Amino acid sequence: MSSFDRSSQLSIDSFPPIEIDPSLDFQHKITKLGFEHWTEKAAGRAMPDRADIDPRAFGPYLGHLTLFNIRFNDGAVDGLVPRIVGSDFESVFGDLKSVPLEEKLPSAIYDRWRLVVTGMMEAGGPVRATGPIVYKGKEHLVAELVVAPLSSGGEANSVLYVVSVFLPGTPDDGLPDGVSTA
């Protein structure tokens, strides 16, 4: 049975946790740059607006940027609708441009994503998310993510800003040894 088949049958409690780290101690060069970009565009505000984020500014790192519209129901995250999906993100989760995450991913995998977004909301701003990937045979990868809110037209927390790096590791790794911090 493939890991994808397993993930569609298991609950979120069956997977190793994703660590939500509000310290923002990013280890990889790309996530550091992604967080610096978010901070620069916030310009002292609680969060930047979606209009402040110009994907072209990412240059050679554009493939690491992913943006989702966040849908809420009674204050809880109810959906993540792709706006921009970076090639780094697609290399792990496949083509996500056509449908919301909750329709594309198995429920346990989507629930992990919803917990990451909820953790960011509870932290009140950007977080560093790290942990192993448990999707479609990608168990050899671990992630370091910038997960941060954007407003849209003055509506706070309506867009999710993700800068992703997926690297070889084991499920016990938070992030592999030797990650460039330059």
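Considering only residues of the stretch 1-32 that are open to solvent by 70 Å² or more (accessible area, probe 1.4 Å) and not charged (D, E, K, R), which is modelled with the lowest pLDDT?
This residue is Met1.
Being modelled with pLDDT under 95 and closer than 17 Å to Ser152 by Cα is the filter; apply it to the stretch 49-70 and report the residue that is least open to solvent (accessible area, probe 1.4 Å).
Residue satisfying both the conditions and the ranking: Pro55.
Looking only at strands (runs of 3 or more DSSP E) that lie completely in the stretch 15-101, which have at least 3 residues being among the charged types (D, E, K, R), touching a strand residue (DSSP E or B) at 6+ places or on another chain (Cβ under 9 Å) and under 21 Å from Met121 (Cβ atoms)?
none
Picking from Gly86, Gly94, Gly59, which residue would you name as being more than 16 Å from the chain's Cα centre (by Cα) and either hydroxyl-bearing (Ser, Thr, Tyr) or closer than 29 Å to His140 by Cβ (or both)?
Testing whether each residue is more than 16 Å from the chain's Cα centre (by Cα) and either hydroxyl-bearing (Ser, Thr, Tyr) or closer than 29 Å to His140 by Cβ (or both) leaves just Gly59.
Suppose the filter is within 13 Å of Pro149 (Cα to Cα) and in contact (Cβ under 8 Å) with a residue 60 or more places away in the chain; does Ala42 pass it?
no
Which one is modelled with the lowest pLDDT among residues in the stretch 89-127 that are open to solvent by less than 10 Å² (accessible area, probe 1.4 Å) and among the β-branched types (Val, Ile, Thr)?
Ranking the candidates gives Ile109 first.
The values are calculated or read from the model by the stated rules, or taken from the named source; none is laboratory data. Worth saying up front: this structure is predicted, and the values here are computed from it rather than measured. Because the Cβ atoms are built from the backbone with ideal geometry, glycine has one as well, and the counts that use them run over all protein chains shown. Note: areas computed on protein heavy atoms with side chains; ligands, DNA, RNA excluded. Shrake-Rupley method; radii C 1.70, N 1.55, O 1.52, S 1.80 Å.
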